[in-house]
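K.L.:
There's a structure below that I have some questions on.
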Amino acid sequence: MNSPNWPQTSTDPRAWRAETIDDRGSWCYLLSDRCLSQLDETVAALRDGQPVTTACVSEAQRAACRDALQSVSAALESGRGFAIIDGVPTDRYSSRQLQAIYWLVGQLLGEPFEQNVQGTLLYDVRDTGQEVSQGARFSVTSYESSFHTDNSFGETVLDYVGLLCLHTAKSGGLSQILSGYAVLNVLRDEHPDVLETLRRPFHVDRRGGTREGDAPTIEFPVIDTTGRGLIVRYLRYWIEVGHQKAGEPLTTAQVHALDTLDEVLRRPALRVDFDLNPGQMYFINNRWTLHNRTAFEDHAEPDRKRHLVRLWLKSRCSPTPCGSEESPASDG
């Protein structure tokens, strides 16, 4: 289990727990007036009907936003693994303009990539009345998703997940996050027998994310430490459905390993819980943090229903963590 990127002591900031994570106030990063002013130029230039995703980042915007986003990149790669960008005045922008600012910030942190076979780059996260049992993703329902990483069924490793909050739910919908490094430390100390099972491939349901000729499942380990540090690919329901579709029932050892992992993921001592507010942007290192959203009750009025917008990003960093002395992090 040892590797150059594996935390051996509790002092590694990536292996945080609820009692050791830094103060909540430090999770938030503000965009400077200079940065917002530069982003405003692109927002103002958007024509009616022009897709937000056609907006490109300029060198002036990179320079203006560098300081704040260097800190965000460092937090994502070598710190707690998540960050909240706050301070965008919601009374100054329409929903479309907020999404445009978010799209530009995302490009400053990484390279956007498609979230489904339809090529969606900005994905609406809201309850559409669909059912997970009928093939829907949890993101378009009001159900709790359980702790997971996004795109666990994707061929490409997803580095970062972004979420822009436009509207909150009537109740529920709490954001939860924990460190995969802390989880793996617990497993190593308390349940070393399950680690080898979790490091072997499982069938993962691809949730309709297939093209002609693709298999309905793909095989990945839940835990991989052989490459650039820890990579976790996990959403248990996708694994259970994947093994059903593959005609290969989970073995007793696999069920035990997943049960053990879930028991650790449910421990309150490992996670932090918080609400997102309208206008806040939440970015997550999807390689080694796991996140969850609790079930929610929505407003009756359509224009008040819970609405987040998701962005998937590939990091532009080298394998050396961004923000370290060995790697530049000029734009994440």
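The values are calculated or read from the model by the stated rules, or taken from the named source; none is laboratory data. Since we're looking at a predicted model, the values are computed, not measured. Here Cβ is always computed from backbone atoms with ideal geometry, including for glycine, and neighbour counts include all displayed protein chains.
K.L.:
Out of everything in region 22-73 that is hydroxyl-bearing (Ser, Thr, Tyr) and in a helix (DSSP H, G or I), what residue ends up being surrounded by the most Cβ atoms within 10 Å (Cβ to Cβ)?
P.N.:
73
K.L.:
Collect the residues in region 297-316 that are under 25 Å from residue 180 (Cα atoms) and in contact with a Gly (Cβ under 7 Å, 6 or more places away or on another chain), keeping them in residue-number order.
P.N.:
310, 311, 313, 314, 315, 316
K.L.:
Looking only at region 178-199, how many residues end up being closer than 13 Å to residue 81 by Cβ and among the β-branched types (Val, Ile, Thr)?
P.N.:
Total satisfying the criteria: 1.
K.L.:
What number of residues in region 230-239 are in a helix (DSSP H, G or I), of a type outside the set (Val, Ile, Thr) and crowded, with 17+ Cβ neighbours inside 10 Å?
P.N.:
The total comes to 2.
K.L.:
I'd like the full set of residues that are within 21 Å of residue 145 (Cα to Cα) and touching a strand residue (DSSP E or B) at 6+ places or on another chain (Cβ under 9 Å), limited to region 185-208. Walk me through it before giving the result.
P.N.:
Initial filter on region 185-208 (within 21 Å of residue 145 (Cα to Cα)): 198, 202-208.
Within region 185-208, 198, 202, 203, 204, 205, 206 qualify.
K.L.:
Please count how many residues of region 155-166 are within 29 Å of residue 250 (Cβ to Cβ) and part of a strand (DSSP E or B).
P.N.:
Of the residues in region 155-166, the ones within 29 Å of residue 250 (Cβ to Cβ) are 155-159, 161.
Next, from what is left, pick out any that are part of a strand (DSSP E or B): 161.
Qualifying residue count for the region: 1.
K.L.:
Further, regarding this structure: Step by step: first the residues of region 145-167, then only those that are β-branched (Val, Ile, Thr) and either within 14 Å of residue 282 (Cα to Cα) or surrounded by fewer than 21 Cβ atoms within 10 Å (Cβ to Cβ) (or both), then the one that is farthest from the chain's Cα centre (by Cα). Which residue is that?
P.N.:
At the first step, the residues of region 145-167 found to be β-branched (Val, Ile, Thr) are 149, 156-157, 161.
Subset that is either within 14 Å of residue 282 (Cα to Cα) or surrounded by fewer than 21 Cβ atoms within 10 Å (Cβ to Cβ) (or both): 156-157, 161.
Numbers: 156: 14, 157: 12, 161: 3 Å.
Filtering region 145-167 for residues that are β-branched (Val, Ile, Thr) and either within 14 Å of residue 282 (Cα to Cα) or surrounded by fewer than 21 Cβ atoms within 10 Å (Cβ to Cβ) (or both), the one farthest from the chain's Cα centre (by Cα) comes out as 156.
K.L.:
To continue, here is another question. Since residue 243 meets every condition but one in (1) within 24 Å of the chain's Cα centre (by Cα); (2) part of a helix (DSSP H, G or I); (3) in contact (Cβ under 8 Å) with a residue 40 or more places away in the chain; (4) surrounded by fewer than 22 Cβ atoms within 10 Å (Cβ to Cβ), which condition does it not meet?
P.N.:
Among (1) within 24 Å of the chain's Cα centre (by Cα); (2) part of a helix (DSSP H, G or I); (3) in contact (Cβ under 8 Å) with a residue 40 or more places away in the chain; (4) surrounded by fewer than 22 Cβ atoms within 10 Å (Cβ to Cβ), residue 243 violates only (1).
Condition check ((1) touching a strand residue (DSSP E or B) at 6+ places or on another chain (Cβ under 6 Å); (2) modelled with pLDDT of 95 or more; (3) under 15 Å from residue 109 (Cβ atoms)) across all residues:
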residue	(1), (2), (3)
17	no, yes, no
22	no, no, no
29	yes, yes, yes
68	yes, no, yes
84	yes, yes, yes
90	no, no, no
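K.L.:
Identify, please: which residue in region 185-229 is among the hydrophobic types (A, V, I, L, M, F, W, C), touching a His at 6+ places or on another chain (Cβ under 8 Å) and not in a helix (DSSP H, G or I) and is, among those, nearest to residue 262 (Cα to Cα)?
P.N.:
Filtering first and then ranking leaves 202.
K.L.:
Take residue 258 and decide whether it is more than 20 Å from residue 141 (Cβ to Cβ), more than 19 Å from the chain's Cα centre (by Cα) and part of a loop (DSSP other than H, G, I, E, B).
P.N.:
Against the criterion (more than 20 Å from residue 141 (Cβ to Cβ), more than 19 Å from the chain's Cα centre (by Cα) and part of a loop (DSSP other than H, G, I, E, B)), residue 258 does not qualify.
K.L.:
From the list 169, 182, pick out the single residue that is assigned to a helix (DSSP H, G or I) and in contact (Cβ under 8 Å) with a residue 12 or more places away in the chain.
P.N.:
182
K.L.:
Find all pairs meeting these conditions: Cβ atoms under 6 angstrom apart; at least six residues apart or on different chains; first residue within region 16-40 and under 17 Å from residue 74 (Cβ atoms) and in contact (Cβ under 8 Å) with a residue 12 or more places away in the chain; second residue in a helix (DSSP H, G or I) and hydroxyl-bearing (Ser, Thr, Tyr).
P.N.:
So the pair list comes out as 29/71.
K.L.:
To continue, here is another question. Among the residues of region 109-130, are any in a helix (DSSP H, G or I) and modelled with pLDDT of 90 or more?
P.N.:
Yes; the residues of region 109-130 include at least one that is in a helix (DSSP H, G or I) and modelled with pLDDT of 90 or more.
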